[in-house]
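Q: I have a structure I would like to understand better, so I am pasting it below and will then ask my questions one at a time.
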Amino acid sequence: MTFLAPYWLFAASAIMIPIAIHLWNKRQGKTVKMGSLRWLEASASNRWSSIRLNNVWLLLLRCLILLLLAVALAQPVVVRAPQTPESRKAVYVGQELLYRAAARQQLQPTIDALLQRGYQLYTYTPAFNPITKEKWQQLNSAGTDSAIHSSVNYWALLPVLAERHPQPQDSVWLFTSDQQRYFAGMRPATIPENFRWFPVASEANAAWVQAAVQTSPDSLLLVAGNATRDGIAYTRFHTSSDIKSISVSNQQLQLQRQNDTLQATLSDKSISRVPVQTKPLRVTLLADEAQEPELRYLQAALQAIDSYTQRPIRIARAQDTAAADWVFWLRNGAVPPQLQQQVAERGLQLWVQSGGAPTTIKTSMATSAEVVEVRKFHLAPVRQAQQTVWATANGEALLTVQPVGRGQVYTFRSGFGPSWSGLGQSTLLPDLLLPLLFPQQDRELHDVRALGEQQLIPARKAAVTAQKAPVAQQEKLLPWVVLAAFVLFLIERFIAGRRAKG
(Lines give C-alpha, C1' and ligand atoms only; values in the text may rest on other atoms or scores of the structure.)
Protein backbone atom coordinates (compact mmCIF):
# COMPACT_ATOMS: atom_id res chain seq x y z
CA MET A 1 0.00 0.00 0.00
CA THR A 2 1.19 3.50 -0.77
CA PHE A 3 -0.11 7.04 -0.32
CA LEU A 4 -0.76 9.71 -2.94
CA ALA A 5 -0.45 12.53 -0.33
CA PRO A 6 1.79 11.13 2.42
CA TYR A 7 2.35 14.56 4.02
CA TRP A 8 -1.17 14.29 5.51
CA LEU A 9 0.10 11.49 7.74
CA PHE A 10 1.41 14.24 10.06
CA ALA A 11 -2.24 14.76 10.98
CA ALA A 12 -1.98 11.51 12.93
CA SER A 13 -0.36 13.51 15.72
CA ALA A 14 -3.88 14.70 16.54
CA ILE A 15 -4.32 11.57 18.64
CA MET A 16 -2.62 13.55 21.44
CA ILE A 17 -5.78 15.62 21.72
CA PRO A 18 -8.13 12.89 23.02
CA ILE A 19 -5.36 11.61 25.31
CA ALA A 20 -4.86 15.06 26.82
CA ILE A 21 -8.59 15.62 27.19
CA HIS A 22 -8.96 12.22 28.77
CA LEU A 23 -6.32 12.97 31.35
CA TRP A 24 -7.41 16.55 31.99
CA ASN A 25 -11.05 15.67 32.56
CA LYS A 26 -10.24 12.98 35.12
CA ARG A 27 -12.26 13.71 38.29
CA GLN A 28 -10.97 12.79 41.79
CA GLY A 29 -13.26 12.40 44.74
CA LYS A 30 -12.61 14.63 47.80
CA THR A 31 -10.77 12.79 50.58
CA VAL A 32 -11.85 13.51 54.20
CA LYS A 33 -9.27 12.44 56.73
CA MET A 34 -10.61 11.09 60.02
CA GLY A 35 -8.95 11.04 63.45
CA SER A 36 -5.25 10.59 63.61
CA LEU A 37 -5.08 9.94 59.86
CA ARG A 38 -5.04 13.67 59.42
CA TRP A 39 -1.44 13.78 60.66
CA LEU A 40 -0.16 11.09 58.28
CA GLU A 41 1.60 12.29 55.11
CA ALA A 42 0.44 10.72 51.86
CA SER A 43 2.89 8.35 50.20
CA ALA A 44 4.39 9.07 46.78
CA SER A 45 2.44 6.25 45.14
CA ASN A 46 -0.85 7.79 46.28
CA ARG A 47 0.14 11.21 45.00
CA TRP A 48 0.63 9.83 41.48
CA SER A 49 -2.39 7.60 41.42
CA SER A 50 -4.44 10.39 39.88
CA ILE A 51 -2.84 9.80 36.42
CA ARG A 52 -4.20 6.26 36.04
CA LEU A 53 -6.15 5.81 32.80
CA ASN A 54 -9.78 4.86 32.88
CA ASN A 55 -12.00 3.81 29.90
CA VAL A 56 -8.96 2.61 27.93
CA TRP A 57 -11.00 1.05 25.11
CA LEU A 58 -12.97 4.24 24.58
CA LEU A 59 -9.69 6.17 24.37
CA LEU A 60 -8.29 3.70 21.84
CA LEU A 61 -11.41 4.02 19.67
CA ARG A 62 -11.08 7.78 19.57
CA CYS A 63 -7.40 7.60 18.71
CA LEU A 64 -8.07 5.03 15.98
CA ILE A 65 -10.74 7.26 14.43
CA LEU A 66 -8.26 10.13 14.17
CA LEU A 67 -5.62 7.83 12.70
CA LEU A 68 -8.04 6.62 10.05
CA LEU A 69 -8.98 10.19 9.14
CA ALA A 70 -5.29 11.02 8.74
CA VAL A 71 -4.81 7.97 6.54
CA ALA A 72 -7.83 9.00 4.48
CA LEU A 73 -6.34 12.47 3.91
CA ALA A 74 -3.13 10.80 2.70
CA GLN A 75 -5.19 9.02 -0.04
CA PRO A 76 -4.08 5.38 0.35
CA VAL A 77 -3.93 3.19 -2.77
CA VAL A 78 -2.95 -0.40 -3.48
CA VAL A 79 -0.61 -0.62 -6.48
CA ARG A 80 -0.98 -3.82 -8.45
CA ALA A 81 1.79 -5.02 -10.71
CA PRO A 82 1.08 -4.43 -14.43
CA GLN A 83 -0.14 -7.47 -16.30
CA THR A 84 1.49 -7.97 -19.68
CA PRO A 85 -0.88 -9.80 -22.07
CA GLU A 86 0.48 -13.15 -23.08
CA SER A 87 1.32 -13.56 -26.74
CA ARG A 88 -0.13 -16.51 -28.61
CA LYS A 89 2.21 -18.28 -30.97
CA ALA A 90 0.53 -20.71 -33.35
CA VAL A 91 1.20 -22.69 -36.52
CA TYR A 92 -1.69 -23.62 -38.81
CA VAL A 93 -1.35 -26.30 -41.47
CA GLY A 94 -3.84 -27.21 -44.19
CA GLN A 95 -5.13 -30.76 -44.13
CA GLU A 96 -4.06 -31.30 -47.74
CA LEU A 97 -0.46 -31.01 -46.47
CA LEU A 98 -0.82 -32.93 -43.22
CA TYR A 99 -1.80 -36.14 -44.96
CA ARG A 100 0.75 -36.05 -47.78
CA ALA A 101 4.11 -37.60 -46.93
CA ALA A 102 6.12 -35.42 -49.34
CA ALA A 103 4.63 -32.20 -47.93
CA ARG A 104 5.19 -33.30 -44.33
CA GLN A 105 8.85 -34.07 -45.00
CA GLN A 106 9.25 -30.63 -46.50
CA LEU A 107 7.59 -28.88 -43.54
CA GLN A 108 8.83 -31.03 -40.65
CA PRO A 109 12.14 -29.20 -39.91
CA THR A 110 10.45 -25.79 -39.85
CA ILE A 111 7.47 -26.89 -37.77
CA ASP A 112 9.65 -28.83 -35.31
CA ALA A 113 11.77 -25.73 -34.78
CA LEU A 114 8.67 -23.62 -34.16
CA LEU A 115 7.29 -26.16 -31.68
CA GLN A 116 10.52 -25.99 -29.71
CA ARG A 117 10.09 -22.21 -29.53
CA GLY A 118 6.71 -22.60 -27.84
CA TYR A 119 4.37 -22.52 -30.84
CA GLN A 120 1.15 -24.55 -30.81
CA LEU A 121 0.13 -26.59 -33.86
CA TYR A 122 -3.40 -26.49 -35.32
CA THR A 123 -5.20 -27.54 -38.47
CA TYR A 124 -6.24 -24.73 -40.79
CA THR A 125 -9.87 -25.82 -40.84
CA PRO A 126 -13.09 -24.16 -39.57
CA ALA A 127 -12.69 -26.00 -36.23
CA PHE A 128 -8.97 -25.11 -35.87
CA ASN A 129 -8.35 -28.47 -34.19
CA PRO A 130 -5.17 -28.62 -32.09
CA ILE A 131 -2.49 -31.16 -33.03
CA THR A 132 -0.53 -32.52 -30.11
CA LYS A 133 3.18 -33.27 -30.41
CA GLU A 134 2.37 -36.98 -30.19
CA LYS A 135 -0.10 -36.70 -33.08
CA TRP A 136 2.44 -34.74 -35.10
CA GLN A 137 5.04 -37.45 -34.55
CA GLN A 138 2.54 -40.13 -35.60
CA LEU A 139 1.80 -38.27 -38.82
CA ASN A 140 5.50 -37.96 -39.62
CA SER A 141 6.09 -41.66 -38.97
CA ALA A 142 3.40 -42.59 -41.50
CA GLY A 143 5.05 -43.16 -44.86
CA THR A 144 1.92 -43.22 -47.01
CA ASP A 145 -0.60 -40.60 -48.04
CA SER A 146 -4.18 -40.47 -46.83
CA ALA A 147 -7.03 -39.50 -49.12
CA ILE A 148 -8.37 -36.13 -47.98
CA HIS A 149 -11.02 -34.28 -50.01
CA SER A 150 -11.04 -30.86 -48.41
CA SER A 151 -13.55 -28.22 -49.46
CA VAL A 152 -12.16 -25.53 -47.16
CA ASN A 153 -12.02 -21.99 -48.51
CA TYR A 154 -8.89 -20.39 -47.06
CA TRP A 155 -9.98 -16.88 -48.02
CA ALA A 156 -13.13 -17.26 -45.92
CA LEU A 157 -11.21 -18.72 -42.95
CA LEU A 158 -8.71 -15.87 -42.73
CA PRO A 159 -10.99 -13.28 -41.01
CA VAL A 160 -12.03 -15.92 -38.46
CA LEU A 161 -8.40 -16.72 -37.76
CA ALA A 162 -7.62 -13.02 -37.34
CA GLU A 163 -10.27 -12.84 -34.60
CA ARG A 164 -8.50 -15.68 -32.76
CA HIS A 165 -5.26 -13.68 -32.71
CA PRO A 166 -6.20 -10.02 -32.17
CA GLN A 167 -3.11 -9.09 -30.13
CA PRO A 168 -0.24 -7.37 -31.99
CA GLN A 169 2.28 -9.55 -30.17
CA ASP A 170 0.68 -12.75 -31.48
CA SER A 171 2.69 -14.69 -34.06
CA VAL A 172 0.92 -16.86 -36.64
CA TRP A 173 2.51 -19.06 -39.31
CA LEU A 174 0.32 -20.48 -42.08
CA PHE A 175 1.29 -23.41 -44.30
CA THR A 176 -1.17 -24.31 -47.07
CA SER A 177 -1.19 -25.66 -50.57
CA ASP A 178 -0.85 -23.17 -53.41
CA GLN A 179 -3.66 -24.73 -55.46
CA GLN A 180 -6.38 -22.28 -56.44
CA ARG A 181 -9.18 -24.68 -55.49
CA TYR A 182 -8.53 -23.79 -51.84
CA PHE A 183 -8.88 -20.05 -52.54
CA ALA A 184 -12.40 -19.63 -53.88
CA GLY A 185 -14.05 -16.26 -54.37
CA MET A 186 -12.59 -12.91 -53.41
CA ARG A 187 -9.51 -12.31 -51.36
CA PRO A 188 -10.08 -10.69 -47.96
CA ALA A 189 -9.48 -6.96 -47.91
CA THR A 190 -6.95 -7.04 -45.07
CA ILE A 191 -4.53 -9.38 -43.39
CA PRO A 192 -2.71 -8.79 -40.09
CA GLU A 193 0.97 -7.99 -40.44
CA ASN A 194 1.90 -10.58 -37.81
CA PHE A 195 0.63 -13.39 -40.09
CA ARG A 196 3.18 -15.26 -42.22
CA TRP A 197 1.63 -17.27 -45.05
CA PHE A 198 3.77 -19.84 -46.87
CA PRO A 199 2.25 -21.55 -49.95
CA VAL A 200 3.61 -25.05 -50.55
CA ALA A 201 3.93 -26.18 -54.16
CA SER A 202 2.33 -29.52 -54.98
CA GLU A 203 1.99 -31.36 -58.25
CA ALA A 204 -1.56 -32.37 -59.13
CA ASN A 205 -3.66 -33.26 -62.15
CA ALA A 206 -7.45 -33.14 -62.15
CA ALA A 207 -9.97 -34.11 -64.81
CA TRP A 208 -13.73 -33.59 -64.71
CA VAL A 209 -16.82 -32.96 -66.81
CA GLN A 210 -17.49 -29.26 -67.03
CA ALA A 211 -20.64 -29.21 -69.16
CA ALA A 212 -23.02 -31.42 -71.11
CA VAL A 213 -25.21 -30.18 -73.99
CA GLN A 214 -27.92 -32.19 -75.72
CA THR A 215 -27.26 -31.40 -79.39
CA SER A 216 -29.77 -33.97 -80.73
CA PRO A 217 -32.00 -36.68 -79.29
CA ASP A 218 -29.15 -39.23 -79.45
CA SER A 219 -26.07 -36.98 -79.27
CA LEU A 220 -24.23 -35.17 -76.52
CA LEU A 221 -21.56 -32.50 -76.48
CA LEU A 222 -19.32 -33.00 -73.45
CA VAL A 223 -16.87 -30.37 -72.27
CA ALA A 224 -14.21 -31.96 -70.07
CA GLY A 225 -11.66 -29.97 -68.11
CA ASN A 226 -8.11 -30.92 -67.28
CA ALA A 227 -6.21 -28.83 -64.73
CA THR A 228 -2.51 -28.80 -63.92
CA ARG A 229 -0.29 -26.33 -62.08
CA ASP A 230 0.19 -24.39 -65.31
CA GLY A 231 -3.45 -23.94 -66.30
CA ILE A 232 -6.76 -25.46 -67.39
CA ALA A 233 -7.47 -26.97 -70.79
CA TYR A 234 -10.88 -28.02 -72.08
CA THR A 235 -11.61 -30.89 -74.47
CA ARG A 236 -14.87 -31.31 -76.40
CA PHE A 237 -16.38 -34.72 -77.09
CA HIS A 238 -19.22 -35.22 -79.58
CA THR A 239 -20.59 -38.56 -78.45
CA SER A 240 -23.76 -40.59 -78.31
CA SER A 241 -26.22 -40.16 -75.46
CA ASP A 242 -25.46 -43.63 -74.05
CA ILE A 243 -21.70 -43.17 -73.65
CA LYS A 244 -20.31 -44.84 -70.54
CA SER A 245 -16.80 -43.40 -70.21
CA ILE A 246 -14.34 -40.92 -71.68
CA SER A 247 -10.56 -40.56 -71.37
CA VAL A 248 -9.18 -37.15 -70.41
CA SER A 249 -5.39 -36.82 -70.22
CA ASN A 250 -4.97 -40.53 -69.47
CA GLN A 251 -7.65 -40.38 -66.78
CA GLN A 252 -10.75 -42.50 -67.25
CA LEU A 253 -14.07 -40.88 -66.29
CA GLN A 254 -17.07 -43.18 -65.82
CA LEU A 255 -20.37 -41.61 -66.97
CA GLN A 256 -23.97 -42.33 -66.10
CA ARG A 257 -27.02 -40.45 -67.37
CA GLN A 258 -29.80 -39.79 -64.85
CA ASN A 259 -32.68 -37.90 -66.50
CA ASP A 260 -31.38 -34.36 -67.05
CA THR A 261 -28.19 -34.91 -65.03
CA LEU A 262 -24.91 -36.50 -66.06
CA GLN A 263 -22.97 -38.18 -63.27
CA ALA A 264 -19.21 -38.60 -63.69
CA THR A 265 -17.06 -40.76 -61.41
CA LEU A 266 -13.60 -39.24 -61.40
CA SER A 267 -10.26 -41.01 -61.11
CA ASP A 268 -10.08 -40.35 -57.36
CA LYS A 269 -13.51 -42.02 -56.93
CA SER A 270 -15.22 -38.71 -56.27
CA ILE A 271 -18.51 -38.03 -58.05
CA SER A 272 -19.29 -34.93 -60.09
CA ARG A 273 -22.74 -34.08 -61.43
CA VAL A 274 -23.55 -31.60 -64.17
CA PRO A 275 -26.96 -30.70 -65.63
CA VAL A 276 -27.55 -31.61 -69.25
CA GLN A 277 -28.41 -28.44 -71.17
CA THR A 278 -31.22 -29.30 -73.54
CA LYS A 279 -31.87 -25.81 -74.95
CA PRO A 280 -29.93 -22.57 -75.39
CA LEU A 281 -29.65 -20.15 -72.49
CA ARG A 282 -31.88 -17.21 -73.41
CA VAL A 283 -30.47 -13.84 -72.42
CA THR A 284 -32.29 -10.53 -72.96
CA LEU A 285 -30.41 -7.23 -72.84
CA LEU A 286 -32.35 -4.05 -72.02
CA ALA A 287 -30.41 -0.78 -71.91
CA ASP A 288 -31.09 2.91 -72.38
CA GLU A 289 -29.04 5.14 -74.63
CA ALA A 290 -26.63 6.23 -71.88
CA GLN A 291 -25.60 2.63 -71.18
CA GLU A 292 -25.41 1.34 -74.75
CA PRO A 293 -21.57 1.31 -74.60
CA GLU A 294 -21.78 -1.06 -71.64
CA LEU A 295 -23.57 -3.63 -73.77
CA ARG A 296 -20.58 -4.11 -76.07
CA TYR A 297 -18.46 -5.44 -73.23
CA LEU A 298 -21.29 -7.58 -71.89
CA GLN A 299 -22.11 -9.07 -75.30
CA ALA A 300 -18.44 -9.85 -75.94
CA ALA A 301 -18.19 -11.73 -72.64
CA LEU A 302 -21.36 -13.73 -73.36
CA GLN A 303 -20.16 -14.63 -76.86
CA ALA A 304 -16.79 -15.72 -75.46
CA ILE A 305 -18.56 -18.07 -73.04
CA ASP A 306 -20.68 -19.44 -75.88
CA SER A 307 -17.69 -19.98 -78.17
CA TYR A 308 -15.25 -21.38 -75.65
CA THR A 309 -17.54 -23.71 -73.70
CA GLN A 310 -19.80 -24.63 -76.65
CA ARG A 311 -22.79 -24.00 -74.41
CA PRO A 312 -25.33 -22.22 -76.61
CA ILE A 313 -26.42 -18.75 -75.50
CA ARG A 314 -29.15 -16.91 -77.43
CA ILE A 315 -28.87 -13.12 -76.97
CA ALA A 316 -31.90 -10.93 -77.71
CA ARG A 317 -32.71 -7.23 -77.47
CA ALA A 318 -36.50 -7.68 -77.52
CA GLN A 319 -38.75 -6.08 -74.92
CA ASP A 320 -40.62 -9.35 -74.39
CA THR A 321 -38.94 -11.18 -71.50
CA ALA A 322 -41.51 -13.95 -71.03
CA ALA A 323 -39.20 -16.65 -72.42
CA ALA A 324 -35.88 -15.31 -71.09
CA ASP A 325 -33.73 -17.12 -68.55
CA TRP A 326 -31.63 -14.02 -67.84
CA VAL A 327 -32.45 -10.32 -68.17
CA PHE A 328 -29.77 -7.64 -67.96
CA TRP A 329 -31.49 -4.37 -66.98
CA LEU A 330 -29.12 -1.50 -67.78
CA ARG A 331 -31.50 1.39 -67.28
CA ASN A 332 -31.77 4.20 -64.78
CA GLY A 333 -35.49 3.69 -64.21
CA ALA A 334 -37.03 1.31 -61.71
CA VAL A 335 -37.50 -2.34 -62.67
CA PRO A 336 -41.08 -2.86 -63.96
CA PRO A 337 -43.41 -4.80 -61.64
CA GLN A 338 -44.05 -7.47 -64.30
CA LEU A 339 -40.31 -8.19 -64.48
CA GLN A 340 -40.13 -8.49 -60.72
CA GLN A 341 -43.09 -10.86 -60.84
CA GLN A 342 -41.29 -13.09 -63.36
CA VAL A 343 -38.32 -13.28 -60.99
CA ALA A 344 -40.48 -14.45 -58.10
CA GLU A 345 -42.83 -16.78 -59.99
CA ARG A 346 -40.86 -18.10 -62.97
CA GLY A 347 -37.34 -18.15 -61.54
CA LEU A 348 -35.96 -15.43 -63.83
CA GLN A 349 -32.39 -14.26 -63.09
CA LEU A 350 -32.27 -10.44 -63.16
CA TRP A 351 -29.15 -8.28 -63.48
CA VAL A 352 -29.72 -4.64 -62.44
CA GLN A 353 -27.12 -2.07 -63.45
CA SER A 354 -28.09 1.58 -63.18
CA GLY A 355 -25.92 4.41 -64.46
CA GLY A 356 -26.65 7.24 -62.08
CA ALA A 357 -24.04 9.36 -60.34
CA PRO A 358 -21.35 7.04 -58.98
CA THR A 359 -18.77 7.60 -56.27
CA THR A 360 -15.27 8.13 -57.65
CA ILE A 361 -13.07 5.94 -55.49
CA LYS A 362 -10.01 4.38 -57.08
CA THR A 363 -9.62 0.84 -55.81
CA SER A 364 -9.29 -2.67 -57.21
CA MET A 365 -11.10 -5.97 -57.45
CA ALA A 366 -8.84 -8.86 -56.51
CA THR A 367 -9.42 -12.51 -57.38
CA SER A 368 -7.18 -15.53 -57.34
CA ALA A 369 -6.25 -15.00 -60.97
CA GLU A 370 -6.07 -11.27 -61.56
CA VAL A 371 -6.36 -7.83 -60.01
CA VAL A 372 -8.64 -5.43 -61.89
CA GLU A 373 -8.76 -1.70 -61.27
CA VAL A 374 -12.09 -0.20 -60.22
CA ARG A 375 -12.44 3.56 -60.64
CA LYS A 376 -16.07 4.32 -59.85
CA PHE A 377 -18.96 2.53 -58.21
CA HIS A 378 -22.15 3.22 -56.30
CA LEU A 379 -21.29 3.24 -52.62
CA ALA A 380 -24.44 2.03 -50.84
CA PRO A 381 -25.07 -0.15 -47.78
CA VAL A 382 -25.75 -3.83 -48.37
CA ARG A 383 -29.15 -4.89 -47.12
CA GLN A 384 -29.48 -7.89 -44.84
CA ALA A 385 -31.09 -10.05 -47.55
CA GLN A 386 -28.25 -9.34 -50.00
CA GLN A 387 -25.06 -11.36 -50.27
CA THR A 388 -21.84 -10.01 -51.72
CA VAL A 389 -20.63 -11.84 -54.84
CA TRP A 390 -17.91 -9.47 -56.05
CA ALA A 391 -16.11 -7.04 -53.75
CA THR A 392 -13.36 -4.46 -53.95
CA ALA A 393 -10.02 -4.87 -52.22
CA ASN A 394 -11.22 -2.68 -49.35
CA GLY A 395 -14.36 -4.76 -48.78
CA GLU A 396 -16.99 -2.66 -50.61
CA ALA A 397 -19.67 -4.63 -52.45
CA LEU A 398 -19.57 -4.46 -56.27
CA LEU A 399 -22.06 -7.22 -57.09
CA THR A 400 -24.72 -8.46 -54.67
CA VAL A 401 -27.41 -11.10 -55.04
CA GLN A 402 -30.79 -11.31 -53.34
CA PRO A 403 -33.17 -14.29 -53.61
CA VAL A 404 -36.67 -13.25 -54.66
CA GLY A 405 -39.13 -16.12 -54.80
CA ARG A 406 -37.85 -18.70 -57.27
CA GLY A 407 -35.35 -16.32 -58.87
CA GLN A 408 -32.57 -13.96 -57.90
CA VAL A 409 -31.77 -10.29 -58.40
CA TYR A 410 -28.14 -9.33 -59.01
CA THR A 411 -27.24 -5.67 -58.37
CA PHE A 412 -24.08 -4.45 -60.08
CA ARG A 413 -22.78 -1.20 -58.59
CA SER A 414 -20.09 -0.38 -61.14
CA GLY A 415 -19.66 -0.75 -64.92
CA PHE A 416 -17.58 -2.46 -67.60
CA GLY A 417 -16.39 0.60 -69.55
CA PRO A 418 -12.95 2.21 -69.06
CA SER A 419 -14.44 5.14 -67.12
CA TRP A 420 -15.87 2.69 -64.57
CA SER A 421 -13.38 -0.19 -64.30
CA GLY A 422 -11.02 -2.44 -66.17
CA LEU A 423 -13.46 -5.36 -66.22
CA GLY A 424 -14.57 -4.85 -69.82
CA GLN A 425 -11.02 -4.99 -71.13
CA SER A 426 -9.99 -7.90 -68.91
CA THR A 427 -10.07 -11.58 -69.75
CA LEU A 428 -11.46 -12.06 -66.28
CA LEU A 429 -15.04 -11.01 -67.15
CA PRO A 430 -16.14 -14.22 -68.96
CA ASP A 431 -14.67 -16.29 -66.15
CA LEU A 432 -16.62 -14.24 -63.59
CA LEU A 433 -19.91 -14.47 -65.48
CA LEU A 434 -19.66 -18.19 -66.30
CA PRO A 435 -20.51 -19.53 -62.78
CA LEU A 436 -23.45 -17.08 -62.62
CA LEU A 437 -24.93 -18.17 -65.94
CA PHE A 438 -24.14 -21.87 -65.53
CA PRO A 439 -23.86 -22.65 -61.81
CA GLN A 440 -21.78 -25.67 -60.89
CA GLN A 441 -21.17 -26.15 -57.19
CA ASP A 442 -17.98 -28.21 -57.41
CA ARG A 443 -16.35 -26.30 -60.27
CA GLU A 444 -13.63 -24.76 -58.12
CA LEU A 445 -12.76 -28.07 -56.42
CA HIS A 446 -10.92 -29.22 -59.57
CA ASP A 447 -8.83 -26.07 -60.00
CA VAL A 448 -5.30 -27.23 -59.13
CA ARG A 449 -3.58 -24.30 -60.81
CA ALA A 450 -0.80 -22.72 -58.80
CA LEU A 451 -1.70 -19.56 -56.95
CA GLY A 452 0.79 -16.74 -57.33
CA GLU A 453 2.61 -16.10 -54.07
CA GLN A 454 1.93 -12.38 -54.38
CA GLN A 455 -1.80 -13.14 -54.23
CA LEU A 456 -1.36 -14.01 -50.55
CA ILE A 457 -0.48 -10.38 -49.88
CA PRO A 458 -3.73 -8.40 -50.21
CA ALA A 459 -3.65 -4.85 -51.52
CA ARG A 460 -4.08 -3.41 -48.05
CA LYS A 461 -2.63 -4.79 -44.84
CA ALA A 462 -4.18 -4.37 -41.43
CA ALA A 463 -1.76 -2.19 -39.52
CA VAL A 464 -0.68 -3.63 -36.21
CA THR A 465 -0.30 -0.80 -33.71
CA ALA A 466 2.63 -0.81 -31.34
CA GLN A 467 1.79 -2.31 -27.98
CA LYS A 468 1.78 0.33 -25.24
CA ALA A 469 3.83 -0.28 -22.13
CA PRO A 470 1.63 -1.84 -19.46
CA VAL A 471 0.58 0.61 -16.75
CA ALA A 472 0.37 -0.36 -13.10
CA GLN A 473 -3.18 -0.38 -11.80
CA GLN A 474 -4.07 1.56 -8.66
CA GLU A 475 -6.98 0.60 -6.43
CA LYS A 476 -8.12 3.47 -4.17
CA LEU A 477 -8.76 2.59 -0.53
CA LEU A 478 -10.19 5.99 0.48
CA PRO A 479 -13.87 4.91 0.53
CA TRP A 480 -13.06 1.91 2.72
CA VAL A 481 -10.98 3.95 5.19
CA VAL A 482 -13.72 6.57 5.54
CA LEU A 483 -16.32 3.84 6.03
CA ALA A 484 -14.21 2.21 8.75
CA ALA A 485 -13.78 5.57 10.53
CA PHE A 486 -17.53 6.18 10.39
CA VAL A 487 -18.31 2.75 11.85
CA LEU A 488 -15.82 3.29 14.67
CA PHE A 489 -17.36 6.70 15.36
CA LEU A 490 -20.81 5.11 15.76
CA ILE A 491 -19.36 2.52 18.13
CA GLU A 492 -17.59 5.22 20.15
CA ARG A 493 -20.78 7.26 20.49
CA PHE A 494 -22.69 4.18 21.60
CA ILE A 495 -20.14 3.28 24.29
CA ALA A 496 -19.83 6.88 25.48
CA GLY A 497 -23.62 7.17 25.78
CA ARG A 498 -23.86 3.98 27.83
CA ARG A 499 -21.16 5.15 30.25
CA ALA A 500 -22.79 8.58 30.67
CA LYS A 501 -26.05 6.95 31.72
CA GLY A 502 -24.24 4.65 34.11
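Q: Looking at segment 235-323 from every direction and averaging, what is the projected area of its Cα convex hull in nm²?
A: Reported value for the Cα convex hull: 7.9 nm².
Q: On the protein heavy atoms, probe 1.4 angstrom, tell me the percent of accessible surface of segment 294-403 carried by carbon and sulfur.
A: Percent of accessible area from carbon and sulfur atoms in segment 294-403: 49.
Q: Still on this structure: Could you list which residues have their amide H under 5 Å from that of Lys89, counting only those 5 or more apart in sequence or on another chain, with H placed in the peptide plane?
A: Gln120, Ser171
Q: Let me ask another. At 1.4 Å probe size, put Met16, Met365 in order of accessible surface, largest to smallest. Please list the in-between numbers first.
A: On the way: Met16 115, Met365 0 Å².
Correct descending sequence by accessible area is Met16, Met365.
Q: OK, next. Pull up all non-local amide H partners of Leu281: gap of 5 or more, or a different chain, and H-to-H distance under 5 Å with H placed in the peptide plane.
A: It is Ile313, Arg314, by chain and number.
Q: Using the per-residue mean of other Cβ atoms lying within 10 Å as a proxy for protection, in what order, highest first, do the peptides 256-262, 104-110 fall?
A: 104-110, 256-262
Q: Rounded to whole Hz and in sequence order, give me ³J(HN,Hα) for segment 71-78 from the Karplus expression 6.51 cos²θ - 1.76 cosθ + 1.60, θ = phi - 60°, writing x for Gly and Pro.
A: Once rounded to whole Hz, the list reads 5, 5, 5, 7, 6, x, 9, 9.
Q: For segment 321-338, in order, what is each residue's ³J(HN,Hα) by Karplus, 6.51 cos²θ - 1.76 cosθ + 1.60 with θ = phi - 60°, in whole Hz (x at glycine and Pro)?
A: Running phi through 6.51 cos²θ - 1.76 cosθ + 1.60 with θ = phi - 60° gives 10, 5, 9, 7, 8, 10, 10, 9, 9, 10, 9, 6, x, 5, 5, x, x, 5 Hz.
The values are calculated or read from the model by the stated rules, or taken from the named source; none is laboratory data. Because the structure is predicted, anything quoted here is derived from the model rather than measured. Using ideal geometry, Cβ is built from the backbone for each residue, glycine included, and neighbour counts are taken over all protein chains shown. All accessible areas refer to the heavy atoms of the entire protein, side chains included, with ligands and DNA or RNA removed. Shrake-Rupley method; radii C 1.70, N 1.55, O 1.52, S 1.80 Å.
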